[in-house]
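For reference, the structure discussed in these notes is given below.
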Amino acid sequence: MSDTLHRFIFDHCEIRGEHLQLEQSYQQILANHHYPPGVAKLLGEFLVAAGLLSATLKFEGSLILQVRGDGEIPLIMAEANSKREIRAIARDANQAMSEDFHQLLGNAQLAITIDPVKGVRYQGIVSLEGNSLAACLEKYFEQSEQLATRIWLHADNGKAAGLFLQQLPGAQQQADDWEHLVTLANTASPQEMLELDAGDMLYRLYHEEPLRLFPGESVRFQCSCSQERIEKALVSLGKAELASILEEQGEIESHCEICHRRYYFSGIDVQALIAGCGPENHTRH
């Protein structure tokens, strides 16, 4: 089953895992843009990574992976929330011809932002010293969480998939079990990761290991843009700036670069915003 997140745990050791496959949601995101092959693959890896890591959150909120750098992709971002909604964008990347991780991202750092609905926003930073997104994220968990973690990410031909293994917080060191499970996971080919569903994939890897596979959770593409967010952004410009835009243009059009939805605010709408009231008439496409 595509676009599904599965969690699993091993009965004989304190190690957990997650398996995620994306197809429809990934293709919806790609359809909104015309990314070169290398960019599309990297964006798929970011999407899967965000989805896997968001599943480790114990509260309602979202997790954002973002890189700003001087490579062929000035900015790449993927976001996943506790509702299993995902979105992503690679900005100004239409001319990126490389498929090399470092050439695409250049000299940059990976920001991992955890944004709870209730609570304090947290951001961790990790260098892009590894040769892949997975390697960089593993380094992050090693440095900031002190948790043994391995991540496998693949994307190709409109499909993306990933596998996540991690020792449970506070678990006793179980080096032999950990190395054994990681070694088995390393035998999975990218094609198997992309094509096999969670049950078949885990049986292929761990049919001799006692594990519990939990019911799958559906994942879908959902942009977070909305009327309310656009209105708040416009109001934040201040009355003087809004009045200036209205005088110059007569109306305001706002465009979401992720999903390409357009919001139109007439002169009456903008005047209502200036007066501190929400606009009553606007259209979305």
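Sorting Ser132, Ser54 from the fewest to the most surrounding beta carbons within 10 angstrom yields Ser132, Ser54. When the chain is described by a simple charge dipole with +1 on each Lys and Arg Cβ and -1 on each Asp and Glu Cβ, the residue from Asn81, Ile252, Gly162 located farthest towards its positive end is Ile252.
Which of His180, His207, His154 comes first, and how do the rest follow, when ranked by fewest Cβ neighbours within 10 Å?
Least crowded to most crowded, the residues run His207, His180, His154.
When the alpha carbon coordinates of the stretch 1-92 are projected onto the principal axes, the ranges are 47, 28, 23 Å, largest first.
Residues Asp115, Asp3, ranked from the fewest to the most other C-beta atoms within 10 Å, line up as Asp115, Asp3.
Computed from the alpha carbon positions, the gyration tensor of the chain leads to an equivalent ellipsoid with semi-axes of 39, 20, 18 Å, biggest first.
What's the longest bit of the chain with no exposed trypsin sites (Lys or Arg not before Pro), using DSSP loop states and at most 11 other Cβ atoms within 10 Å as the test? So the longest stretch without any such site is 122-285.
For each pair in Lys139/Lys159; Lys159/Lys232; Lys58/Lys232; Lys83/Lys239; Lys139/Lys232, compute the distance between the two Cα atoms and list the pairs where it is over 32 Å. With Cα atoms farther than 32 Å apart: Lys159/Lys232; Lys83/Lys239; Lys139/Lys232. From its DSSP helices (H runs of at least four residues, each -39,500 (n - 2.57)), the chain gives a residue-normalised ellipticity at 222 nm of -9500 deg cm²/dmol. Spacing of the modelled spin labels on Val235 and Thr183, each 7 Å from Cα toward Cβ, amounts to 6.1 nm.
Computed from the coordinates by the stated procedures, all read-outs in this text should not be read as laboratory data. Please read these numbers as outputs of a predicted model, since none were measured by experiment. Note that we place each Cβ from the backbone using ideal geometry, even for glycine, and neighbour counts take in every protein chain shown.
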